[in-house]
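Engineer: Once you've had a glance at the structure underneath, I'll fire off some questions.
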Amino acid sequence: MKKVTISKILLFNSLILILLTLLELSMALGIYIIGKEQETIQEARHKFQNNIRLLEKNTSSAIIDIQTFIATGDENFNQSYNTQKSQTIGQKPWLDGRLFSVIKTLSQAAQTEEETKYLSDITQTLSVLEKNETKAINAMLGLFDDGYGRYNRRAEPDTMMAMHVLHGATYQETLLEFKTSINNYYKLVDKRLNDNIVLLNDNITFTAFWADIFLFIILTMIILNYLLFHKRFLSQLKQLKTDINSIASGNYNIKIAINSQDEIADIQRTVQLTAQSLSSKADFVENVGKQNFESNFTPVSDSDLMGIALLEMREKLKLARKNENKRKLEEKQRSWISNGLAKFSEILRQNSDIEDLSEEIITHLVKYLDATLAALFTINKDNPDDIFIELVSAFAYDRKRIMQKRIELNEGILGRVYDEGVTVHMTEIPSDYIKIKSGLGGSTPNSLVVVPLVLNDNILGMIEIATLETFAPHQIQFVEELGQSLATTLASIEMNIKTKMLLEVSEKQSIELSEKEEILRQNIEEIQSNQENIISREAKSKKKTEELLLLQKTLNQKNNDQQREIAKLVDDNNQYLSGLKTQKNRLNNILQKNLDGVVAINAKGEISFFNEKAGSIWGYATHEVLGQNVKILMPDEFATNHDTYIQNYLKSGMPKIIGTGRKVEILKKDNTKTTVFLWIIDTSDSEHNSFTAFIRETGKIT
C-alpha cells in the first residue's frame with residue numbers, strides 16, 4: 001500500500017494550498033539537505049574525536065605496558081604493547097573486529113596546510129617514540145644496536161638502560177611534543193568542523209524563518225480541515241500512548257495494530273521494534289539468570305548500550321563461574337593434601353623402626369595415590385668410604401628389582417635425584433627401567449615420580465612411585481610435603497639409634513671399669529695377705545732365715561713386679577677413665593652442637609642437660625634452667641600434670657608419647673608460644689631414670 005502523508009491529504013483536500021505546500025516542502029527539503037550535511041559534518045567530527053581519543057588511549061596504554069614490562073620482565077606486557085602498536089597502524093584488528101590505521105584515518109580529516117603540518121608532526125614524534133621504545137624492549141631482551149641500526153648484537157639484558165631510555169629527557173620531551181601536536185591538530189580540525197556546523201546552523205535558521213512564515217499560512221488554512229481529520233489521528237495517538245505506557249510498565253510482548261501508512265504508523269513501527277528489542281533483552285537476562293550463558297543475543301546496533309552491557313555482564317558471569325569452579329577444585333586439592341598429611345603424620349608418630357615405618361608409608365602411599373607400585377630408598381652411610389642408595393621397602397616391584405637393594409650414587413634416575421636434590425617427574429619412561437606386572441604380561445608406567453627426602457640440605461633417601469595413569473600436580477606436591485615429614489622422622493629415628501648406641505657403649509664401659517677396679521682391689525689384698533704370711537713364717541722358724549731371706553728376696557722381686565703391674569693397671573685405668581671422660585665430653589659436644597634442641601631431665605622432672613639450640617628456641621641460657629623443673633618450658637595446660645605423667649610411666653612402664661614424635665606448643669622465656677616438633681626417648685640406666693627430648697622448630701608463633 002502506497003504511503004499517504006498528512007500533507008498530501010491536506011493538499012488533496014485543499015487545492016488552494018498546493019503552491020504554499022510546495023514552497024514549504026522545498027524549504028523543508030533545503031533544511032533537510034542542510035541538516036544531512038550538518039549530520040555528516042557532525043559525524044565526521046565525532047569520528048575524528050574518537051580517533052584522537054583512540055590514538056591517545058592506545059599510545060598511553062602502550063607506554064604503560066612497556067614500562068610494566070621493563071619493571072617486571074613479564075612477557076605478556078611486551079605482547080600487549082606489540083598488539084596495540086599493530087592496531088594503531090592497522091596490522092591487527094581492534095576489539096570490535098575492525099581493521100584500520102588510526103594515523104591514516106586522521107590524515108583524511110586534514111584539509112589545510114597547517115593541519116597537514118601538525119599531522120606530520122604527530123607521525124614523526126610517534127615514530128621517534130616507537131624507536132626509543134624498541135630500543136628499550138631490545139635492551140630488556142639482550143639485543144643491542146650493532147652500529148648499523150640493526151638489533152642483532154646479543155648481550156646480557158640491561159634493565160637500567162631500558163629504564164634510562166623510557167625515563168630519559170629525550171623520550172619525555174618527544175612524548176610531550178607528541179601530545180602537544182595531537183592537541184593542536186585536534187583544536188584546528190575541531191574548530192574548522194565546528195565553524196562549518198555553525199555556518200550550516202545559520203543557513204538552517206534563515207531557511208526555517210521563511211519556512212515558518214509559509215507554515216503559518218498553511219496551518220491557518222489547515223485549521224479549517226481539523227474537524228475533518230482530528231478524530232482519525234487522535235484515536236491513533238491515544239492507542240499509541242496506551243501501547244507506550246504498557247511497554248513502560250514492563251509488558252514487552254504487545255502487538256501494535258498498524259492500520260495506516262502515515263507518520264503515526266512509522267512511530268508505531270518504531271515502538272513495536274523497541275518492544276521486541278526489550279523483550280529479547282528480557283529473555284536473554286532470564287537465560288543468563290538460569291546459568292544458560294550460551295543463549296543467543298545480538299545488540300540492535302553499535303549504539304545499543306544496554307545490549308552491549310548485557311553481553312559484558314554475561315562474559316563476567318561466565319568468568320566468575322569459571323573462577324569459582326577453579327577455586328573449589330584448588331580447595332578440594334588442598335583439603336586432600338591436608339587430610340593425607342594428617343593421616344601419614346599419625347603413621348610417622350606410631351612407628352619408631354625404620355623397616356616397619358617404610359612398609360607402612362609405602363603401602364598407604366600407593367593406596368592414597370591410587371598408584372601401581374612404589375619404593376622407599378635411604379642413603380646408607382654405615383661406611384663413609386662406601387656410601388650407596390639402599391632399597392628399604394617396595395610395593396608391587398618385580399623380583400629382579402627387589403633383589404637389587406644396592407644402587408650406586410651415580411646410577412640411573414635415583415642417582416640423578418641424589419645429585420640434583422630435586423623432584424623428577426617423567427611421563428616418557430625407558431622400557432627397561434621398570435615394569436608393571438599383570439595377568440596379561442608387563443607394561444611400562446605412564447607416569448613416574450621420584451621425590452628426594454631432604455633435611456637441612458642433606459638427602460636422606462628417595463620415594464619412587466609409578467602409575468599407569470598420570471600424576472596430577474597436587475599429588476606430586478603431596479608426595480614432596482610428605483617427603484619433608486618423612487625425612488624429619490628418619491633423621492630422628494637415626495639420631496635416637498645413635499644416641500641409644502652411645503649410651504649402651506657408655507654403660508658397658510662403666511661396667512668394665514668397675515670390674516677392673518674390683519680385680520685390682522683383689523690383687524692388692526692378695527699381695528698384702530702374702531706379705532703377712534711371710535712375716536708370720538719368719539717369726540716361727542729362725543732356722544730357715546737364709547731360706548726366708550732368699551724367699552723374701554724372691555717375694556720382694558715378686559712384690560716389685562706386682563707393684564709395677566698394679567701401677568700399670570692404675571695407669572691403664574686412668575687412661576680408660578680419661579678416654580671415657582673424653583668420650584663423654586664428645587657425646588656432650590655432639591648433643592650440644594646438635595641442630596635440634598636437646599633437653600634431658602631426671603625422674604623428678606629436673607633439667608640436667610640443655611644444649612645451645614634449645615637455648616635459642618626457648619631464649620634461656622643454660623645456667624638459667626639447669627636444676628629447674630622442665631615445667632617452666634611448657635604452657636600451663638601441659639605443665640600442671642607433667643610430673644604425674646612421669647610417675648605414671650615409671651610405675652606402669654606403658655609409653656604414650658615415649659619413642660614417638662609429635663607437634664606441641666612450648667612456652668618461651670618472653671612468654672610467647674611457638675609450635676615445635678618433639679621426640680622423647682627413655683635414656684634410663686640400671687641406677688638412674690632419665691629422659692631425653694629432641695626439639696625442632698616449625699616456625700609457627702602465637
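Engineer: Could you figure out which of (1) more than 25 Å from Lys508 (Cα to Cα); (2) outside any strand (DSSP E or B); (3) among the acidic types (Asp, Glu) isn't true of Glu687?
Structural biologist: In the conditions (1) more than 25 Å from Lys508 (Cα to Cα); (2) outside any strand (DSSP E or B); (3) among the acidic types (Asp, Glu), Glu687 misses (1) alone.
Engineer: Still on this structure, please answer the following. Can you tell me which condition Trp679 does not meet? The list is (1) under 17 Å from Lys500 (Cα atoms); (2) touching a Pro at 6+ places or on another chain (Cβ under 7 Å); (3) of a type outside the set (D, E, K, R), and all the others hold.
Structural biologist: It fails just one condition, (2).
Engineer: Mind checking which residues of the stretch 198-214 are surrounded by fewer than 17 Cβ atoms within 10 Å (Cβ to Cβ) and hydroxyl-bearing (Ser, Thr, Tyr)?
Structural biologist: Selection gives Thr205 alone.
Engineer: Before we move on, is Phe214 of a type outside the set (S, T, N, Q), touching a Leu at 6+ places or on another chain (Cβ under 8 Å), closer than 28 Å to Thr40 by Cβ and modelled with pLDDT under 75?
Structural biologist: So Phe214 fits the description; yes.
Engineer: Pick out the one residue from Thr220, Thr242, Thr270 that is more than 30 Å from Leu25 (Cα to Cα) and either at pLDDT 80 or above or out of contact with any helix residue (DSSP H, G or I) (no Cβ under 8 Å at 6 or more places or on another chain) (or both).
Structural biologist: Residue meeting the stated conditions: Thr242.
Engineer: Show the residue pairs that are 6+ apart or on different chains and have beta-carbon atoms under 7 Å apart, the first residue being within the stretch 372-388 and within 15 Å of Leu414 (Cβ to Cβ), the second being of a type in the set (Lys, Arg).
Structural biologist: Ile387/Lys381; Phe388/Arg406
Engineer: I'd like the full set of residues that are surrounded by 14 or more Cβ atoms within 10 Å (Cβ to Cβ), of a type in the set (Ser, Thr, Tyr) and more than 17 Å from Asn458 (Cβ to Cβ), limited to the stretch 415-435.
Structural biologist: Answer for the stretch 415-435, where residues must be surrounded by 14 or more Cβ atoms within 10 Å (Cβ to Cβ), of a type in the set (Ser, Thr, Tyr) and more than 17 Å from Asn458 (Cβ to Cβ): just Tyr433.
Engineer: Among the listed residues Ser301, Ser393, Ser358, which satisfies the condition of being among the polar types (S, T, N, Q), buried (at least 16 other Cβ atoms within 10 Å of the Cβ) and more than 32 Å from the chain's Cα centre (by Cα)?
Structural biologist: Ser393
Engineer: Picking from Glu637, Glu697, which residue would you name as being of a type in the set (D, E, K, R) and either under 28 Å from Met501 (Cβ atoms) or surrounded by 15 or more Cβ atoms within 10 Å (Cβ to Cβ) (or both)?
Structural biologist: The conditions single out Glu697.
Engineer: Which of the residues that make up the stretch 173-188 are under 46 Å from the mean Cα position of the chain (by Cα) and open to solvent by 60 Å² or more (accessible area, probe 1.4 Å)?
Structural biologist: Glu173, Leu176, Glu177, Lys179, Thr180, Asn183 - these are the residues of the stretch 173-188 that are under 46 Å from the mean Cα position of the chain (by Cα) and open to solvent by 60 Å² or more (accessible area, probe 1.4 Å).
Engineer: Mind checking which pairs have a first residue in the stretch 322-339 that is within 15 Å of Ile476 (Cα to Cα) and a second that is at pLDDT 85 or above and open to solvent by 70 Å² or more (accessible area, probe 1.4 Å), Cβ under 7 Å, 6 or more apart or different chains?
Structural biologist: Matching pairs, first to second residue: Ile337/Gln477.
Engineer: Further question on the same structure: Of the residues Asp382, Asp370, Asp353, which is open to solvent by 60 Å² or more (accessible area, probe 1.4 Å), acidic (Asp, Glu) and on the phi > 0 side of the Ramachandran plot?
Structural biologist: Details: Asp382 fails: on the phi > 0 side of the Ramachandran plot; Asp353 fails: on the phi > 0 side of the Ramachandran plot.
Going through Asp382, Asp370, Asp353 in turn, the sole match is Asp370.
Engineer: Scan the stretch 445-474 residue by residue and report those that are more than 17 Å from Met495 (Cα to Cα) and of a type in the set (Val, Ile, Thr).
Structural biologist: Val449, Val450, Val451, Ile463, Ile465, Thr467, Thr470
The values are calculated or read from the model by the stated rules, or taken from the named source; none is laboratory data. What you see is a predicted model; the values in this text were computed from it and never measured. Glycine also receives a Cβ, built like all others from the backbone with ideal geometry; neighbour counts cover every protein chain displayed. For accessibility, only protein heavy atoms count, side chains too; no ligands or nucleic acids. Shrake-Rupley method; radii C 1.70, N 1.55, O 1.52, S 1.80 Å.
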